[in-house]
Amino acid sequence: MRSTIASRRPSAALVVAIVALFAALGGTGYAAATLSGRDIQKRSIPANRVVNNALGGGQINESKLGPVPAAQQAVTAQTAATATNAQQLQGRDATRFLANSARVETNQLNVVTNSSATVTASCLQGEKGIGGGAAWMIVNSDNPTGFDAQLNASFPLSARGGSGEIAGWRAVGINRTGSTRGLRAYVICVPKTA
């Protein structure tokens, strides 16, 4: 008895399918063998079709690239370091400066009428003066007297040793008011480290 498989001829559809398969495979092989870089139009291939690490700086516009994650962390670290440094001036902490440590030292001498006087306000050791002044005051108040009390001089006192720093403030005057008045000197003091 003859086998039915051997005696059957392939159908026309099967023949066409096999011919189409070989033509497709042959066409792809032909295209791969004959296609070159000159045949590809410029800027026609999307990035996901390019082999990894095949492009260099000549083909990439670096200005359009964002920072890589590690570079962003470095920028953040630099910003943090700058912010910490901004809280200091010449290596000194912000608490060592004027707004946090200024102090006013006053000294007052009560002077009877028609008498002259000299009074000095001094900074403490470890401090320096940054300004000062003087005035005639009504005794037991913070109110200045009228123009009939004469202030002859108001000046800073230099620190010993020639450092050029202010150690205090001195006032010299004459009371001609007819009443006892206070000759007050004041000096604004800050730490020498400020």
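Going through (1) in contact with a Cys (Cβ under 8 Å, 6 or more places away or on another chain); (2) crowded, with 17+ Cβ neighbours inside 10 Å one by one, residue 124 falls short only on (2). Total residues in the stretch 153-182 satisfying the condition of being in contact with a Ser or Thr (Cβ under 8 Å, 6 or more places away or on another chain) and over 15 Å from residue 122 (Cβ atoms): the figure is 11.
Against the test of being crowded, with 18+ Cβ neighbours inside 10 Å, more than 40 Å from the chain's Cα centre (by Cα) and not hydrophobic (A, V, I, L, M, F, W, C), the options 175, 143 yield a single qualifying residue, 175.
In the condition set (1) outside any strand (DSSP E or B); (2) under 26 Å from residue 191 (Cα atoms), residue 121 is compliant with all but (1). Restricting the stretch 103-140 to residues that are of a type in the set (S, T, N, Q) and under 47 Å from the mean Cα position of the chain (by Cα), which is nearest to residue 181 (Cα to Cα)? Going through the qualifying residues, I end up with 108.
Of everything in the stretch 136-149, what is in a strand (DSSP E or B) and in contact with a Lys or Arg (Cβ under 6 Å, 6 or more places away or on another chain)? Give them in sequence order. Matches in the stretch 136-149: 136, 137, 149.
Laboratory data are not the source of any read-out in this text; all were calculated from the coordinates shown. For clarity, every value in this text was computed on a predicted model and none was experimentally measured. Here Cβ is always computed from backbone atoms with ideal geometry, including for glycine, and neighbour counts include all displayed protein chains.
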